[in-house]
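Take a look at the structure set out below.
What follows draws every value from the coordinates through simple rules; no lab data is involved. Remember, it's a predicted structure, so these values are computed and weren't measured experimentally. Here the Cβ is made from the backbone with ideal geometry for all residues, glycine too, and neighbour counts use every protein chain on show.
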Amino acid sequence: MDGNVARHRSIGFRMSRLLALWAAALCWSAAAAVAARPTKIFLHPVSDVIVAGGHAFGSGGTYEKVRGTVEFQIDPTDPRNAIITDLNLAPRNADGLVSFDADYMLLYPTDLSKWNHQLVSEINNRGSLLLFLSFANSPFNNDPTTQADFGNGFFLNQGFAMAWVGWGADVQPGGNGLTLRVPAPRNPDGTPVTQRITIELADEFSFRERNLDTCVPLSGSGGIKGYPAVLSEKANDELFVRSSDSPRPSAPPIPAGTLVPNDQWSFADRDHLCVAGAFQTGMVYQLNYVAEDTRIMGLGYAAQRDFASFLRNRKKDDAGVRNPLATGGGVATSILYGASQSGVYIRDYVYQGYNEDLVGRRVFEAVHAHISGAVKLGLNYRFGQVHPWSTEHRDRFIPQVTFPFNFGVRTNPLVALGIEKGPLTDGILKRPATDPLFVQTDTSNEYWWAQSSLVDTDGFGHEVELPGNARHYVIAGLQHFSGFGSVPDQGLCQQLNNPVYVGPALRAIFTDLDEWATKDIEAPPSRRATVDEGLLVPPEDREEVGFPAIPGVTYNGLFNALGELDFGPSVSQNRGIITNWGHPPVLATYRVLVPRVSEVGIDLGGVEVPVVGVPTATLTGWNLRRAPFADGELCELNGMFLPLKVTKAQANKAHDPRPSLQELYKSHEGYVEAVKRFVQRSVEERFLLPEDADAAVRDAEASDVLVGVH
């Protein structure tokens, strides 16, 4: 046979085969669409109050707050639901649906004619609200009621409606937090699902320092539900103790630790672990045990999807209770925000396809994930653990960063090389019809624990371009979080922590995102350190980083090293059943990079708030632990606050290589002028709102920087 003819026949055969598969897929999709049933929703309002004593907020006027519970009845056979791990093992009601319920809260103008018809939904953090704490200079409050609870009134002054719904099935009730109640999966014979799993317990979070606790919850926190132990299996369970989850220098493998003799530890009951002689400060305890009573954690994604879709698209619930936002055209634009654990949630929520509701509509036009780094939440797993997060010191055994960590779709090199199974190409934003505009903001801290450099690289040190519907902004010189009005504190760290508040940057960036979503005014280009600019470098190399040799400040280059981990054959696309617990094999080592720093020691390349752009101190995203709290390990989510010397003579006397305030600004008037120039530029670049620029100038004028120094 002629080679060309054979080739054409082969191509024709393949094309016929593809067409047949495509037609079959269309038929399957059509059948699924017909068979699929929308989620049934039942609102149960409990309280309805006017907040802030009837204070009128800007154009929004007075605001009304509704709290209650919402019941969901979800179709487990719908393909969009079937990806929820263990949903097929959930009990079903008479209609074949799976029931679960959550707490919710709504906040909206009492006079809905003053509503701007935009809805901001916040992903709560372990049941708690961070929205006003992050944006509005407010104190922490899970049930905002007084005018002070809303801080400067950002969001309310503009007439936004706001919504929250519980998503964490591991959150204990209490403290006005938002919780989710989901069923437990059952084996086909009706018995509970059990499995050998791993948990870790460490100081600062799981037990008190200075060897004060002998028994602690298996969850590591009284506010979080753990997985009870099967006590009859205790003889085969194992407890290990080690000084750190990371080797030195930093690398992906987890040290084995020392086996604690079985007679030196016990279960006080199904939910508490005890050790002889108390849990030791600075140590990490790894327990491998048989657990039961897992929960269908992935329903936490469906709760947010279906609640937001209901608020936007339906006038009443399935019992006829009115949707309070179905007025005057209803929701025109919907934006999602989440910080820390909640920002990590958003990255995975979009990746796993939950921004598309059960009839194929986009749920949120835009999302804003804050301080999430390259992490996607490990929610959609059997025995999923989402309370802990991986740091250099602890909890490095959980799913933290898995391919894809980029926004855009690209080839997975491990699949291409046959090292790993899964789709050959993948990305967070891979559904053009329903993908949202995606803004991610990180701080300098996320480079060290959450591998932020991987948002912008391929994992091996090469830059990766962001798609047009994504932006990545790093707010330089900040730690993971500091509330408004924070003051430096040492805690477990070697140096005072970083008190700088992120609010001014977040307010400007949210405003940019809002205008992008509602007016099609594109947000400013991404701003962060990049490889191509020569600003992302290995953290181990102090000379490359350029961190100044400040007397009394240690730099050891430790970071949360990362590899693509093999969690077992039943895990794919960040969901499934983990079988390689404890020390999952490392399939490939990723190159984690951090930004170069200025002569003052502040990260280059990012967005700066005024006190960072015109600094009076070295402000970092990293700090180190002090003795006896695992001396030299990274100090969790803390940065450093290291004031500059006032004069050059003082700097010389202290052998401090950084420029003094006098060298930088000459005088108090010079400092104020520097602030004025900086904020004018920041407003022009759309990274600072005019009112925050004015406030920064007033603060500079009122400061004592170089006052009386000549």
### Query
How long is the gain from T518 to H55 if the chain were fully straight, where each residue apart is worth 0.36 nm and the alpha carbon distance is subtracted?
163.9 nm
### Query
To the nearest Å, what is the center-to-center distance of region 638-710 and region 428-447, using C-alpha atoms only?
33 Å
### Message
Counting pairwise Cα distances across region 368-510, what percent come out greater than 23 angstrom?
### Response
44 percent
### Query
Residue by residue through region 431-448, which ³J(HN,Hα) values in whole Hz follow from phi under the Karplus form 6.51 cos²θ - 1.76 cosθ + 1.60 (θ = phi - 60°), with glycine and proline marked x?
10, x, 5, 10, 5, x, 5, 10, 10, 10, 10, 10, 10, 4, 4, 5, 5, 8
### Query
Given the chain, what percent of its DSSP beta bridges are antiparallel, to the nearest 5?
75 percent
### Query
What FRET efficiency do you get for E685 and A276 if R0 is 51 Å and r is their Cβ-Cβ distance, rounded to the nearest 0.05?
0.30
### Query
When the Cα centres of region 205-262 and region 65-140 are compared, how far apart do they sit, in Å?
33 Å
#### Entry: Out-of-range pairs (alpha-carbon distance over 29 Å; input K40/K225; K315/K430; K234/K421; K316/K430)
K315/K430; K234/K421; K316/K430
#### Entry: Scattering profile of region 194-292 at q = 0.14, 0.15, 0.19, 0.25 Å⁻¹ [log10 I(q)/I(0), Debye over alpha-carbon scatterers]
-0.50, -0.57, -0.91, -1.46
### Message
I need the phi-derived Karplus couplings for region 73-81: 6.51 cos²θ - 1.76 cosθ + 1.60, θ = phi - 60°, integer Hz, Gly and Pro marked x.
### Response
10, 10, 8, x, 8, 5, x, 6, 9
### Message
Could you check the spin-label model distance between T647 and E543? Points 7 Å from the Cα along Cα→Cβ, value in nm.
### Response
3.5 nm
### Query
Expressed as a rounded percentage, what relative contact order does the chain have, with Cα pairs under 8 Å and six or more residues apart?
11 percent
### Message
Can you give me the long-range amide H partners of T457? Hydrogens built in the peptide plane at 1.01 Å from N, cutoff under 5 Å, separation of 5 or more residues or another chain.
### Response
V464
### Message
Working only with C-alpha atoms, what are the Rg and Dmax values of the chain, expressed in angstrom?
### Response
26.3, 96
### Summary
Put in order of increasing Cβ neighbours within 10 Å, starting from the fewest, H55, H480, H655 give H655, H55, H480
### Size of charge dipole - the chain - debye, nearest 20, with Cβ of Lys, Arg +1 and Asp, Glu -1, no other charges
1320 debye
### Gain in span if fully extended, A654 to V409, counting 0.36 nm per residue against the direct Cα distance
83.1 nm
### Task
Using the Karplus curve 6.51 cos²θ - 1.76 cosθ + 1.60 with θ = phi - 60°, work out ³J(HN,Hα) for each residue of region 293-305 in order, rounded to whole Hz, and write x for Gly and Pro.
6, 5, 10, 7, 5, x, 5, x, 7, 5, 4, 5, 4
### Summary
One point scatterer per Cα, no solvent, Debye formula: log10 I(q)/I(0) for region 466-515 at q = 0.26 Å⁻¹ comes out as -1.03
### Message
With the crude spin-label approximation of a point 7 Å out along Cα→Cβ, what separation in nm comes out for D532 versus F460?
### Response
1.9 nm
### Task
Please list 353-361, 206-214 highest first by mean number of surrounding beta-carbon atoms within 10 Å per residue.
353-361, 206-214
### Spatially proximal lysines relative to K648 (Cα-Cα < 29 Å; intrachain offsets below 8 disregarded)
K666, K676
### Message
Please list, ordered by chain and number, the residues whose modelled amide H lies under 5 Å from the amide H of V646; skip anything fewer than 5 residues away on the same chain.
### Response
L661
### Message
Tell me the relative contact order for region 121-263 as a rounded percent, counting alpha carbon contacts under 8 Å between residues six or more apart.
### Response
15 percent
### Query
Under unit Cβ charges (Lys, Arg +1; Asp, Glu -1), what dipole magnitude, rounded to 20 debye, does region 401-552 have relative to its Cα centre?
380 debye
### Query
Restricting the count to DSSP beta bridges whose residues both fall in region 359-502, what percent are antiparallel, rounded to a multiple of 5?
20 percent
### Inter-site label distance for T425 and D213 at 7 Å from Cα along Cβ, in nm
4.8 nm
### All aspartates and glutamates inside 14 Å of K65 as judged from Cα atoms, apart from same-chain residues fewer than 8 positions distant
D48, D103, D111, D143, D149
### Query
What does the charge dipole of region 194-292 about its Cα centre add up to, to the nearest 20 debye, if the Cβ of each Lys and Arg holds +1 and the Cβ of each Asp and Glu holds -1?
140 debye
### Query
Dipole of the chain (Lys/Arg Cβ +1, Asp/Glu Cβ -1, origin at the Cα centre): which of G174, P584, T616 lies farthest to the positive side?
P584
### Task
Mind listing the long-range amide H neighbours of V171? Cut-off is under 5 Å, sequence gap 5 or more, other chains count too, H placed in the peptide plane at 1.01 Å from N.
L180, K225
